[in-house]
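S.K.: Shown below is the structure under consideration.
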Amino acid sequence: MQQRNATVAVIGAGDYIGAEIVKKFASEGFTVFAGRRNGEKLAPLVAEVEAAGGRIVARSLDARKEEETTAFLNDADRHAPLEVVIFNVGANVNFPILETTDRVFRKVWEMACWAGFVTGREAARLMLPRGGGKIFFTGATASLRGGSGFAAFASAKFGLRAVAQSMARELMPQNIHVAHLIIDSGVDTAWVRERRAQLWGKEALDNPDLLMPPASVAGAYWQLYQQPKSAWTFEMEIRPFGEKW
């Protein structure tokens with residue numbers, strides 16, 4: 001592959017969506033800085049990327065801590081110009097309202113909204129002086145509507161969408177593409193499969209096309225990256241063909 005003199009930072013490089021985003025951009029020649037809590041869990045991803053000829057820097061990162069996020073992005077930018085930042089931190093929890101503690105609500109908001117704000121702001125600090133860059137945020141069905149048991153998650157995702165929209169209106173005229181990707185579907189992960197089997201029986205998993213493959217999310221981000229300035233998308237929604245909406 002042809003290596004690029006540019007970095008991509010993925011904050012929330014988990015085992016499924018985050019890992020596929022990392023692999024996609026690494027396969028396109030970027031050096032990818034991958035951050036997640038418990039960074040030692042990135043070892044298999046590092047091995048896979050490097051075996052395919054890609055370049056990756058793996059770090060432990062708690063995106064709720066402003067100083068860690070700032071240092072992570074600054075390190076990526078020192079390695080090579082930071083071209084893309086993707087905020088992919090998850091915080092999907094389900095609690096009845098009377099069981100939603102102050103701690104749960106605050107933690108989910110910090111992970112899914114506050115951390116996204118800090119990530120976007122610090123990315124913009126680095127990109128604005130160079131006159132360009134791309135900042136992408138992972139959204140969910142909960143970004144658009146609250147569901148029973150999802151008061152904490154939906155409020156945080158609503159907030160993240162608002163942050164992204166405000167940033168887009170401010171930064172896109174300055175040549176920074178800000179986009180919000182709504183995944184309106186269950187994502188094909190072990191946790192989602194287990195939960196669906198518990199709720200609806202194993203037959204709920206018979207059609208794999210009713211779950212979103214993590215690689216398809218990475219592909220959507222690559223599409224956003226490739227868009228020309230004359231046709232930038234702020235918000236993209238993706239869902240399997242059988243998803244009700």
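S.K.: Just to verify a result, which residue in region 89-112, among those that are within 14 Å of the chain's Cα centre (by Cα) and surrounded by 21 or more Cβ atoms within 10 Å (Cβ to Cβ), is modelled with the lowest pLDDT? Give the derivation first.
M.R.: Here is the first cut: in region 89-112, the residues within 14 Å of the chain's Cα centre (by Cα) are 89-92, 111-112.
Still in the list and also surrounded by 21 or more Cβ atoms within 10 Å (Cβ to Cβ): 89, 91, 111-112.
Numbers: Val89: 96, Ala91: 84, Met111: 96, Ala112: 96.
That would be Ala91.
S.K.: Looking only at residues in region 63-106 that are of a type in the set (D, E, K, R) and without any contact (Cβ under 8 Å) to a residue 40 or more places away in the chain, which one is nearest to Ile183 (Cα to Cα)?
M.R.: First pass over region 63-106, keeping only residues of a type in the set (D, E, K, R): 64-68, 75, 77-78, 83, 99, 102-103, 106.
Narrowing the set further to residues that are without any contact (Cβ under 8 Å) to a residue 40 or more places away in the chain leaves 65, 67-68, 78, 99, 102-103, 106.
Numbers: Lys65: 26, Glu67: 29, Glu68: 27, Arg78: 32, Glu99: 26, Asp102: 27, Arg103: 26, Arg106: 23 Å.
Among residues in region 63-106 that are of a type in the set (D, E, K, R) and without any contact (Cβ under 8 Å) to a residue 40 or more places away in the chain, the one nearest to Ile183 (Cα to Cα) is Arg106.
S.K.: Applying the selection to region 144-173, what residues are hydroxyl-bearing (Ser, Thr, Tyr) and within 19 Å of Gly186 (Cα to Cα)?
M.R.: Taking region 144-173 first, the residues hydroxyl-bearing (Ser, Thr, Tyr) are 148, 155, 166.
Once the filter is applied, which keeps residues that are hydroxyl-bearing (Ser, Thr, Tyr) and within 19 Å of Gly186 (Cα to Cα), region 144-173 yields Ser148, Ser155.
S.K.: Output the number of residues of region 33-60 satisfying the condition of being closer than 12 Å to Ala13 by Cβ and open to solvent by less than 50 Å² (accessible area, probe 1.4 Å).
M.R.: Total satisfying the criteria: 12.
S.K.: Which condition number in (1) over 16 Å from Leu73 (Cβ atoms); (2) open to solvent by less than 30 Å² (accessible area, probe 1.4 Å); (3) part of a helix (DSSP H, G or I); (4) not hydrophobic (A, V, I, L, M, F, W, C) is the one that His180 fails?
M.R.: Among (1) over 16 Å from Leu73 (Cβ atoms); (2) open to solvent by less than 30 Å² (accessible area, probe 1.4 Å); (3) part of a helix (DSSP H, G or I); (4) not hydrophobic (A, V, I, L, M, F, W, C), His180 violates only (3).
S.K.: Next question. Just one of the numbered conditions (1) modelled with pLDDT of 95 or more; (2) open to solvent by 20 Å² or more (accessible area, probe 1.4 Å); (3) part of a loop (DSSP other than H, G, I, E, B) is not true of Ala63; which one?
M.R.: (2)
S.K.: Right, another one. Please work out which one of (1) modelled with pLDDT of 95 or more; (2) buried (at least 21 other Cβ atoms within 10 Å of the Cβ) is the condition Gly14 fails and give its number.
M.R.: Unmet condition: (1).
S.K.: Can you tell me which residue within region 213-245, out of those that are modelled with pLDDT under 95 and open to solvent by less than 30 Å² (accessible area, probe 1.4 Å), is nearest to Val85 (Cα to Cα)?
M.R.: Pro214
The values are calculated or read from the model by the stated rules, or taken from the named source; none is laboratory data. What you see is a predicted model; the values in this text were computed from it and never measured. Positions of Cβ are backbone-derived with ideal geometry, glycine not excepted, and every protein chain shown enters the neighbour counts. We work out accessible area using only protein heavy atoms, side chains counted, and drop any ligands, DNA or RNA first. Shrake-Rupley method; radii C 1.70, N 1.55, O 1.52, S 1.80 Å.
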